[in-house]
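Here's the structure, in structure tokens; my notes come after.
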Amino acid sequence: MGNSTSCCVSSSPKLRRNAHSRLEPYRPEPELSREDTGCNLQHISDRENIDELNMEYNPSDHPRASTIFLSKSQTDVILPNKKVREKRKSLYVNHLTHIAESKQHPSGPMRRKYSSCSTIFLDDSTVSQPNLKYTIKCVSLAIYYHIKNRNVDGRMLLDIFDEKLHPLTKLEVPSDYEKHDPEQKQIYRFVRTLFSAAQLTAECAVVTLVYLERLLTYAEIDICPANWKRIVLGAILLASKVWDDQAVWNVDYCQILKDITVEDMNELERQFLELLQFNINVPSSVYAKYYFDLRSLSEANNLNFPLEPLSRDKAQKLEAISRLCDDKYKDLRKGAKKRSVSADNLTVVRWSPAIIS
């Protein structure tokens, strides 16, 4: 209460008017440019149309641009002699697999399941509710092709993603750590561990791949054996916070990966966001494109999503959804129905171009 007098004085409008009356009249100063003030921050209105041309070729921003992982999965960089040996090896393995299946199933080898009049097989994975296990497998396979078919022109390696400078474990990083490409199983185990411990959803895996390719495009870097773990970790960290309502905190990842610190996770998240130019928006069209491209990748690598027989409960749900959609669009179909008219009562509005002389 001892400061009540000073508070009243500072808040009294009468005293403020008297104080302003003793001030000199206001004289507007000349407007200073950004160079004079030293402020080089770009205004949002200045950058609205700058990246529109680049967005058309950026798959993480534009729905019609082809994804990078799908194009890299179709790139064959094997030498001719090695390619022949790999082909022979794959044929031999398929032959042994065929023999083993024939012994287990005398009637014939295992065949792909097809629907019939009595049994209907459905894919449990949809664009709105993907299958968690197979989505993580597809994302791991996409990361594998990113590393395997990376550019060899020697792009820069950012320090924040270098595992030698920022190790994830206390184990000593080998000196030739950047020369050995990880296997697809190793990538899958790393991603699956994070998703299982943090209880992340399959949709988060798709968003993780979007952020990963956006980082490679924006920062103009490549994912390689030296940085793939920290890049994937940063993408998962950001995707879990953007997608899930109950985000996983950075300290939670420190409990999953015991040997990293919260400060390291905070710095990783900050630099990841800066490299993305704080563009964390994922349109639904881009999300759907990545999902279906992941399915195309799985089919090309014989990683088919599981088919399950249509149960009674699922059939009732599908019937209810179908009936709901049918009632919703019934009026629209009636209005759009074509009606025939006679030539006597034919009144059609015709449009003709206006000629101005």
Inset, instruction - Under 18 Å from a label point 7 Å along Cα→Cβ of Ser175: give me every residue in region 190-230 with its amide N that close. - result: 226
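Just want to confirm a number: the relative contact order over region 156-306, from Cα pairs under 8 angstrom separated by 6+ residues, in percent.
30 percent
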Inset, instruction - Take the Cα coordinates of region 189-337, assign each an equal point scatterer, and use the Debye formula without solvent to give log10 I(q)/I(0) at q = 0.16 Å⁻¹. - result: -0.97
Inset, instruction - Between beta-carbons, use under 13 Å as the cut-off and find the net charge around Ser240, counting Lys and Arg +1, Asp and Glu -1. - result: -4
Legend entry - Using θ = phi - 60° and Karplus 6.51 cos²θ - 1.76 cosθ + 1.60, couplings along region 318-328 (whole Hz; Gly, Pro as x): 5, 5, 5, 5, 5, 5, 5, 5, 5, 5, 5
Inset, instruction - Using the structure shown, select from Lys241/Lys289; Lys229/Lys314; Lys133/Lys314 the pairs with a Cα to Cα distance greater than 30 angstrom. - result: Lys229/Lys314
Inset, instruction - Return the Cα extents of region 163-263 along principal axes one, two and three, sorted largest first, each rounded to a whole Å. - result: 41, 30, 27
Inset, instruction - Can you tell me the dipole magnitude for region 189-293 around its Cα centre, using point charges on the Cβ only (Lys, Arg +1; Asp, Glu -1), in Debye to the nearest 20? - result: 280 debye
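Here, each number is a calculation from the coordinates, and none is a lab measurement. Everything numeric here is computed off the predicted structure, so don't read it as measured data. Note: ideal-geometry Cβ built from the backbone for every residue, glycine included; neighbour counts use all protein chains shown.
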